[in-house]
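> Sharing a structure here in structure tokens format.
Only the coordinates and a few stated rules stand behind these numbers; no lab work does. Note that the coordinates shown come from a computational prediction; the quantities given were computed from them, not determined experimentally. Neighbour counts run over all protein chains shown; Cβ positions are idealised from the backbone, glycine included.
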Amino acid sequence: MVKHLQVDREEKYEIVEKWFLKDLEMIDGKEADTDNPYFDMHFHKVYNLEAYSCASKYTFARTLNKLNETYLKKNLKIVNFDDTYLNDDSIWSSNNRDCLVLMRICFYASNLLCLSLCPLS
């Protein structure tokens, strides 16, 4: 866990706490249907965390999941996340996954705009 400090005009980051991936039991995204940066990490105790953005929260969860699959191959529970954004085989996958949430919102917004412009018979 990193703490962001701003001293005068200088920004600093301080490592506050470290954990082992093998000790992580579960990642809880709190609410899969809302755009929020809050999540819980369950170790021997539950840590309430806030990411920089919702996209960075999903990037963090994908990274932990990938590291787990590569090195530990244990059953890591990831709950209250939208599976569409966690899986590499998704149609929304790309090399730049931080834009996925925004891209999907734009896609739905453009569909709604097109539908709203269609005359009803």
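> Under 8 Å between Cβ atoms, which residue pairs at least 6 apart in sequence (or on different chains) link something in the stretch 20-45 that is more than 13 Å from F60 (Cβ to Cβ) with a partner that is hydroxyl-bearing (S, T, Y) and not in a helix (DSSP H, G or I)?
Here the result reads K30/Y38, each pair linking the stretch 20-45 to a residue that is hydroxyl-bearing (S, T, Y) and not in a helix (DSSP H, G or I).
> Right, something else. In the stretch 1-91, which strands (runs of 3 or more DSSP E) lie fully inside it and hold 2 or more residues that are on the phi > 0 side of the Ramachandran plot and touching a Phe, Trp or Tyr at 6+ places or on another chain (Cβ under 7 Å)? Give the steps one after another, and end with the answer.
Details: elements: 2-7, 10-15, 26-28, 38-42, 46-50, 77-79.
Once the strands (runs of 3 or more DSSP E) in the stretch 1-91 are filtered for at least 2 residues that are on the phi > 0 side of the Ramachandran plot and touching a Phe, Trp or Tyr at 6+ places or on another chain (Cβ under 7 Å), nothing remains.
> Can you pull out the residues in the stretch 12-51 that are farther than 17 Å from I78 by Cβ and touching a Pro at 6+ places or on another chain (Cβ under 7 Å)? Walk me through how you get there before you give the answer.
First pass over the stretch 12-51, keeping only residues farther than 17 Å from I78 by Cβ: 12-18, 20, 35, 44-45, 50.
Selection gives E50 alone.
> Evaluate the stretch 56-67: report whether one residue or more is among the β-branched types (V, I, T), under 10 Å from the mean Cα position of the chain (by Cα) and surrounded by 15 or more Cβ atoms within 10 Å (Cβ to Cβ).
Scanning the stretch 56-67 turns up at least one residue that is among the β-branched types (V, I, T), under 10 Å from the mean Cα position of the chain (by Cα) and surrounded by 15 or more Cβ atoms within 10 Å (Cβ to Cβ).
> I've got another one for you. It is to be established whether one or more residues within the stretch 2-21 are surrounded by 15 or more Cβ atoms within 10 Å (Cβ to Cβ), within 23 Å of L86 (Cα to Cα) and of a type outside the set (S, T, N, Q).
The initial filter retains those residues of the stretch 2-21 that are surrounded by 15 or more Cβ atoms within 10 Å (Cβ to Cβ), namely none.
No; the residues of the stretch 2-21 include none that is surrounded by 15 or more Cβ atoms within 10 Å (Cβ to Cβ), within 23 Å of L86 (Cα to Cα) and of a type outside the set (S, T, N, Q).
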